[in-house]
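The structure appears below as structure tokens.
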Amino acid sequence: MIRLSPADQLRTALIGPRSRPLRTALSALGIAVGIAALTAITGIAASNQAQLLADLDALGANMLVVQPGQGPDQVVVPLPDTAAAMIGRVEDVQRVGVLESVPDGIGVYRNDLIPAGQGNGLSAYAAGPAFLAAIGGSLASGSWFDESTRGLPVTVLGSSAAARLGITQPGVRVWIGAQWYTVIGILNSAGLAKEVDTAAFLGDDWSRDNVSEAGADTIAAIFVRVAPGKVADVHKVVAQAANPVSPYVQVSDLSDFAGARDKADSSLSSLAVGLAAIALLVGGIGIANTMVVAVLERRGEIGLRRALGARPGQVASQFVGEAIVLAGIGGLVGALAGAIAVFVYAALGAQVAVVPIEVLVGGPLVALAVGVVAGLYPALSAARLSPTIALRTV
Amino acid sequence: MVELVDIVKEYSGTPPLRVLHGVSLSIGAGELISVVGASGSGKSTMLAIMGTLDDPTSGTVIVDGTDVAALAERDRAALRARRIGFVFQQFFLLPALSALDNVALGLLYSGVAAGERSTRAAEALHVVGLGHRMRHRPGQLSGGEQQRVAIARALVGRPAVLFADEPTGSLDSATGDSILELLTGIATTGTAVAIITHDSSIAARTHRQVAIHDGRIVDDSGSRRLAGARA
């Protein structure tokens with residue numbers, strides 16, 4: 001039996017697309033849209049994921065936040081003053097940073113002329129010298145509290161707080177709770193710990209002596225840095241350690257936020273896969289339609305090939321080959337366009353661009369499979385066509 | 001080279017349509033014959049059966065010594081690829097391919113390697129006088145040139161028999177004459193050539209004329225000659 005070489009099969013499959021380039025481009029476009037959607041959205045999800053992991057790494061994924069919880073009567077149960085020290089004794093806890101609250105109604109303003117209602121969504125907290133290291137934070141400029149400044153009317157601003165107040169350099173004064181404070185430092189963004197970004201920090205000694213009422217419960221949150229891989233272990237015991245007499249202690253794990261975002265991303269991905277599947281189905285129907293028309297139009301060629309000695313199977317494989325070529329072009333163009341979209345998206349968001357290799361390779365392969373399915377029926381009808389009828393009906 | 005014995009062809013229907021009523025015909029190597037008949041006389045059906053493109057309802061077809069009925073579809077395809085050439089009124093050239101590639105297509109299904117296909121296609125184009133038009137596409141060629149390309153495509157496989165169905169039907173008479181001369185020349189190389197035509201002036205220029213009417217051979221100058229020789 002005479003077989004065509006793969007090169008001959010490819011040449012034969014290219015005859016149709018070469019004869020009608022515009023139609024080829026339009027039929028391939030449907031598939032290209034499907035594969036581009038698949039590649040772009042999974043790539044964007046992967047890029048977000050990568051960015052999230054980078055954020056977590058920067059912040060330290062091994063972080064727990066212990067906060068006062070609400071009791072059954074909806075009243076906040078304060079953490080005892082000993083909580084930080086108790087937590088520090090828990091095994092695998094590396095560092096503990098205490099964020100202390102200041103009385104309600106203390107706003108943060110650029111100056112004393114700003115109306116009290118325009119608080120910019122900023123809050124004031126008090127913190128000691130160890131806090132910055134405990135949360136893994138870093139300074140954009142200036143300095144954090146030390147033993148000498150923790151008792152002075154000075155403040156360190158979170159990155160968003162500084163931006164909202166229009167402050168780029170330390171040295172200026174801001175108006176916090178009816179008192180001028182000199183800005184001594186500005187933090188970099190703390191990633192997932194958003195409350196740090198929108199905070200103005202006061203020195204803990206200063207706050208206790210001059211801002212808070214004597215004897216008030218002041219612990220707003222305790223940031224606990226844990227040995228890598230021990231978050232779950234510490235999570236179980238840290239509430240008990242913080243307040244042995246009350247179960248109303250709220251412990252959150254920053255990787256919970258990560259998990260939530262992860263889930264959001266994966267639901268976005270399945271939506272993308274659904275959309276891509278629909279686009280591929282429509283693209284496949286487009287290719288099938290093109291091939292059905294091609295078989296009708298090219299009856300003469302089919303009859304001729306049979307007269308030249310082509311077997312029905314060879315005629316069928318020519319038309320399946322053409323459908324695969326159409327879908328393959330669409331798949332490659334789509335994968336390329338999708339990858340470019342991911343890179344543009346990542347560049348706009350100053351993120352890392354990640355295009356999963358399995359999508360980049362798998363997308364065009366899926367397109368080829370669509371081509372085979374779409375080409376099958378037209379190819380079989382071409383193969384079944386009697387050569388005499390094919391030659392006569394031209 | 002080709003032999004039809006008592007060929008009957010019916011198309012199903014109520015009542016069945018019988019287009020060939022027991023046709024018998026023998027074409028020898030190097031013979032140039034014409035099959036003449038009006039439209040609907042059954043001549044194209046006869047050509048399709050001789051060319052193994054269609055099956056008779058009954059009767060025997062022998063091509064190049066082989067009983068076609070005994071062949072599987074793939075062997076029949078191989079027989080067409082290697083032993084039978086076709087020329088059609090509509091040329092059936094592929095518009096996207098050059099003249100050379102169209103001719104080379106004639107060897108695609110006979111297992112000849114790509115390089116040799118091109119060499120032999122170039123030779124065949126020289127034979128039909130189109131050595132200078134090899135790179136042109138069908139759209140850039142005149143009707144006569146296109147039919148020459150189609151003849152070169154039929155010749156390139158060096159067939160034992162060449163069937164031409166109204167080969168001059170789409171051409172003016174001067175161009176048609178040159179195509180007939182080309183086909184006559186091919187017969188002198190030993191290939192049997194059968195021309196199907198409704199035009200008796202074309203038939204007159206072949207060595208032997210077979211007239212077909214309503215599915216029956218009503219006249220065969222070859223058998224007349226034989227009868228004359230016997231008498």
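The values are calculated or read from the model by the stated rules, or taken from the named source; none is laboratory data. Note that the structure is a prediction, hence the values are computed from the model and not measured. Note that we place each Cβ from the backbone using ideal geometry, even for glycine, and neighbour counts take in every protein chain shown.
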- prompt: Taking region B:90-112, which residues are free of Cβ contacts under 8 Å to residues at least 40 places away in the same chain and within 8 Å of another protein chain (Cβ to nearest Cβ)?
  reply: B:Leu108, B:Tyr109, B:Gly111
- prompt: Quick one: which of A:Ile278, A:Ile287 is in a helix (DSSP H, G or I), of a type in the set (A, V, I, L, M) and surrounded by 19 or more Cβ atoms within 10 Å (Cβ to Cβ)?
  reply: A:Ile287
task: Residues being away from chain A (no Cβ under 12 Å) and without any contact (Cβ under 8 Å) to a residue 24 or more places away in the chain: count how many of those fall in region B:32-55.
output: 1
Residues of region A:141-165 satisfying the condition of being farther than 11 Å from A:Val108 by Cβ and basic (Lys, Arg): A:Arg150
- prompt: Can you tell me which residues in region A:346-368 are under 15 Å from A:Leu38 (Cα atoms) and part of a helix (DSSP H, G or I)?
  reply: A:Ile357, A:Glu358, A:Val359, A:Leu360, A:Val361, A:Gly362, A:Gly363, A:Pro364, A:Leu365, A:Val366, A:Ala367, A:Leu368
message: Criterion first (more than 18 Å from the chain's Cα centre (by Cα), hydrophobic (A, V, I, L, M, F, W, C) and either under 30 Å from A:Glu297 (Cα atoms) or in a loop (DSSP other than H, G, I, E, B) (or both)) does B:Leu47 satisfy it?
response: no
query: Which condition breaks for B:Ala99 when tested against (1) under 22 Å from B:Leu141 (Cα atoms); (2) surrounded by fewer than 19 Cβ atoms within 10 Å (Cβ to Cβ)?
result: (2)
- request: Only residues in region B:172-190 that are over 18 Å from B:Glu31 (Cβ atoms) and of a type in the set (Gly, Ala, Ser) count as the first member; pair them with residues that are in a helix (DSSP H, G or I) and modelled with pLDDT of 90 or more, Cβ under 7 angstrom, at least 6 apart or cross-chain, and list the lot.
  value: B:Ser178/B:Gly144
task: Taking A:Gly43 as the residue in question, decide whether it is touching a residue at least 40 places away in the same chain (Cβ under 8 Å) and buried (at least 20 other Cβ atoms within 10 Å of the Cβ).
output: yes
task: Kindly indicate whether any position in region B:131-147 is part of a helix (DSSP H, G or I), away from chain A (no Cβ under 11 Å) and in contact with a Gly (Cβ under 6 Å, 6 or more places away or on another chain).
output: no
message: surrounded by 22 or more Cβ atoms within 10 Å (Cβ to Cβ), of a type in the set (A, V, I, L, M, F, W, C) and part of a loop (DSSP other than H, G, I, E, B): is that true of A:Ala134 in this structure?
response: no
Filter result (assigned to a loop (DSSP other than H, G, I, E, B) and touching an Asp or Glu at 6+ places or on another chain (Cβ under 9 Å)) within region A:150-175: A:Arg150, A:Gly151, A:Leu152, A:Gly158
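Table: residues versus (1) on the phi > 0 side of the Ramachandran plot; (2) over 14 Å from the mean Cα position of the chain (by Cα); (3) not β-branched (Val, Ile, Thr).
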{"residue": "B:Ala122", "(1), (2), (3)": "no, yes, yes"}
{"residue": "B:Ala150", "(1), (2), (3)": "no, no, yes"}
{"residue": "B:Ser170", "(1), (2), (3)": "no, yes, yes"}
{"residue": "B:Ser178", "(1), (2), (3)": "no, yes, yes"}
{"residue": "B:Ile195", "(1), (2), (3)": "no, no, no"}
{"residue": "B:Asp199", "(1), (2), (3)": "no, yes, yes"}
{"residue": "B:Ile202", "(1), (2), (3)": "no, yes, no"}
